[in-house]
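Worksheet for the structure shown next.
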Amino acid sequence: MLYLVPTPIGNLKDVTLRSLEVLQQVDVILCEDTRTSSKFLNHYQIQKPLSPYHQHNEHKVVAHLTDQMKAGKTFALITDAGTPGISDPAFLLVRACVQEGIKVECLPGTTAFVPALVNSGIPSNRFVFEGFLPLKKGRQTLFKQLATEERTMVFYESPMRLVKTLEEMAGYFGADRYCSVSRELTKMFEENYRGTLQEVADHFRVKTVKGEIVIVVAGKAD
């Protein structure tokens, strides 16, 4: 079978007891970057064979992995941080397992957008998760479509593109649209900054931004 196991997005204490138990029991752990995953696994003294599974090889290895699972091996899939499948590889392998009748189980656990959404102060009863925006093709089209979205919108972004993205959103959604930016969640220098798109862009324009970024934007007022 295949376990999808969330891993901490920063603070190593943010892992469930069940996740640690599963990682101790499986035959092989699939991970994006074996160096990154080894730090987490070594912290909890988990010694298991590691095998790379990432966006550059997932198409090539899916059939081989499902064959091994049908032969009796149990795998756990982890990513560098958070829940597999949320802006990280997992979908292709899960779909193949479902098609082959292989049991798949996703453990509950950490993912960056949930704490960012909940602490934003923006309604979270209805929201749309967009993940990373297209870098070029389709970017403007998507902004135009989302300009009329009435649900709260959640995005992932890199530090180097944060200000540019906020300025683009201000142009398409309106500079006075309310938003919240969370970075370095669960880490020592966690920051949650809230205000209009223009205010938040101005705030981050004059400082060096590091860490993973979650942008939460209010939907268009009804």
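The values are calculated or read from the model by the stated rules, or taken from the named source; none is laboratory data. Remember, predicted model here, so these are calculated numbers, not experimental data. Positions of Cβ are generated from backbone atoms using ideal geometry, with glycine treated the same way; all protein chains shown enter the neighbour counts.
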* If a residue has to be farther than 17 Å from PHE155 by Cβ and among the hydroxyl-bearing types (Ser, Thr, Tyr) to count, how many in segment 195-222 make the cut? -> 1
* Structure fact -> Filtering segment 32-66 down to residues that are out of contact with any strand residue (DSSP E or B) (no Cβ under 9 Å at 6 or more places or on another chain) and among the charged types (D, E, K, R) yields ARG35, LYS39, GLU58, LYS60
* **Leading residue by the ranking (surrounded by the fewest Cβ atoms within 10 Å (Cβ to Cβ)) among those in segment 184-222 that are within 27 Å of THR141 (Cβ to Cβ) and of a type in the set (Lys, Arg)** => ARG205
* To do: Being surrounded by fewer than 16 Cβ atoms within 10 Å (Cβ to Cβ), β-branched (Val, Ile, Thr), at pLDDT 95 or above and touching a strand residue (DSSP E or B) at 6+ places or on another chain (Cβ under 8 Å) narrows it down to one of VAL128, VAL94, so name that one.
  => VAL128
* Asked: Just to be sure, is PHE143 touching a residue at least 12 places away in the same chain (Cβ under 8 Å), farther than 21 Å from ASP27 by Cβ, in contact with a strand residue (DSSP E or B) (Cβ under 9 Å, 6 or more places away or on another chain) and not β-branched (Val, Ile, Thr)?
  -> no
* Asked: Any chance segment 148-159 includes a residue that's aliphatic (A, V, I, L, M), outside any strand (DSSP E or B) and modelled with pLDDT of 95 or more?
  -> no
* **Matching residues, segment 136-156, being surrounded by fewer than 18 Cβ atoms within 10 Å (Cβ to Cβ) and in contact with a Pro (Cβ under 8 Å, 6 or more places away or on another chain)** => LEU142
* Asked: In segment 166-196, what residues are assigned to a strand (DSSP E or B), under 24 Å from PRO134 (Cβ atoms) and small (Gly, Ala, Ser)?
  -> SER180, SER182
* To do: Give segment 69-98 a look and list any residue that's in contact (Cβ under 8 Å) with a residue 40 or more places away in the chain and not in a loop (DSSP other than H, G, I, E, B), or say none.
  => MET69, PHE75, ALA76, LEU77, GLY82, LEU93, VAL94, CYS97
* Asked: Limited to segment 170-188, what total is found for residues that are under 14 Å from GLU199 (Cα atoms) and among the aliphatic types (A, V, I, L, M)?
  -> 3
* To do: Could you tell me whether any residue of segment 55-67 is in a loop (DSSP other than H, G, I, E, B) and farther than 30 Å from GLY211 by Cα?
  => no
* To do: Might you check whether a residue that is of a type in the set (Val, Ile, Thr) and not in a helix (DSSP H, G or I) occurs anywhere in segment 37-50?
  => yes
